[in-house]
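Visitor: Quick one: structure below, then a few questions.
Every number here is computed from the coordinates shown, using simple stated rules; none is lab data. Because the structure is predicted, anything quoted here is derived from the model rather than measured. Note that we place each Cβ from the backbone using ideal geometry, even for glycine, and neighbour counts take in every protein chain shown.
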Amino acid sequence: MEGHLHQLAFGGKSEPMKPTASLVHGLTVGLLGGSFNPAHGGHVEMSAAARRALGLSRVWWLVSPQNPLKVAEGYQPFDHRVRHARALTKGTRWLTVTDLEASLPSRFTADTLAHLKERFPKTRFVWLMGADNLAGFHHWDRWEEIAKAMPICVVSRPGYDMAALKSVAARRLASSRVALTKAPSLAKATAPAWLFLPTVHNPLSATALRAESDSPKEPL
């Protein structure tokens, strides 16, 4: 059963998922999507903070082959990004890195979430995003459909929180915002429902890591 569920969800490329009770018994799963170019400790800390605050059973990272809102230049190969993310999170049993979107005909989040909800109807999903993504959420394809698909947890990020909370999406979804005190029950809320989660910040970012790797090194 475990292998069958895994194959349906993630195709033949992914490594076997360890515990799949969340798929069978309807536990809660946080979904963090992105290019992970590269994955870093900030992603792990964001996932851990959301898991603690929301009481999530697991977190899945959905590595995107190509973000529709970003140019392909500067992207590491998809398989490389997946391998790096898995190496980074090795031993973190509650976190699974997936290559799900590579097996889907669409690269849009709305389609990915619809696929997961159909495949795992007993699982309660929560979409996780950084404050920087909320700031531009209204530019996403069918963003209002995403907001209605499942609850959303927005995790604070340095320099983006004010813009996020004043964004087009935040204003339109103002009546659906959930108090931080109700974070443990967010996964059971009827969408649209979202909360803003303040958290301790890791200064790392994928952009900074790429810039560091591309910069010329001084001779020793």
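Visitor: Considering the alpha-carbon set of region 143-189 alone, what are its Rg and its Dmax in angstrom?
Guide: Cα radius of gyration and Dmax of region 143-189 are 11.2, 30 Å respectively.
Visitor: For a quick check: sort Ser175, Ser57 by the number of other beta carbons within 10 angstrom, fewest at the front.
Guide: Ser175, Ser57
Visitor: Continuing with the same structure: Sorting Arg157, Arg142 on the 10 Å Cβ count, fewest up front, what's the list?
Guide: Ordered by Cβ neighbours within 10 Å, fewest first: Arg142, Arg157.
Visitor: Further question on the same structure: So, R0 is 25 Å and r is the distance between the beta-carbons of Ser175 and Asp111; what FRET efficiency does that work out to, to 0.05?
Guide: 0.40
Visitor: Loop only by DSSP, 15 or fewer other Cβ within 10 Å of the Cβ. Give me the trypsin sites (Lys or Arg not before Pro) in region 41-119 that pass, ordered by residue number.
Guide: For trypsin sites (Lys or Arg not before Pro) across region 41-119 that sit outside H, G, I, E and B with at most 15 neighbouring Cβ atoms in 10 Å, the list reads Lys70, Lys90, Arg93, Arg107.
Visitor: Which cross-chain or sequence-distant (5 or more) residues have an amide H under 5 Å from the amide H of Val97, H modelled 1.01 Å from N in plane?
Guide: Counting only residues 5 or more places away or on other chains, the set is Trp61.
Visitor: Right, next: Please rank Thr109, Thr190, Thr92, fewest neighbouring Cβ atoms within 10 Å first, as an exposure proxy.
Guide: With the sparsest Cβ surroundings first, the list reads Thr190, Thr92, Thr109.
Visitor: Can you tell me what percent of all Cα-Cα pairs in region 83-155 are more than 21 Å apart?
Guide: 36 percent
Visitor: Kindly provide log₁₀ I(q)/I(0) values, in the same order as q = 0.14, 0.17, 0.18, 0.19 Å⁻¹, from the Debye equation applied to equal alpha-carbon scatterers of region 34-175.
Guide: Treating every Cα as an identical point scatterer, log10 I(q)/I(0) equals -0.69, -1.07, -1.22, -1.38.
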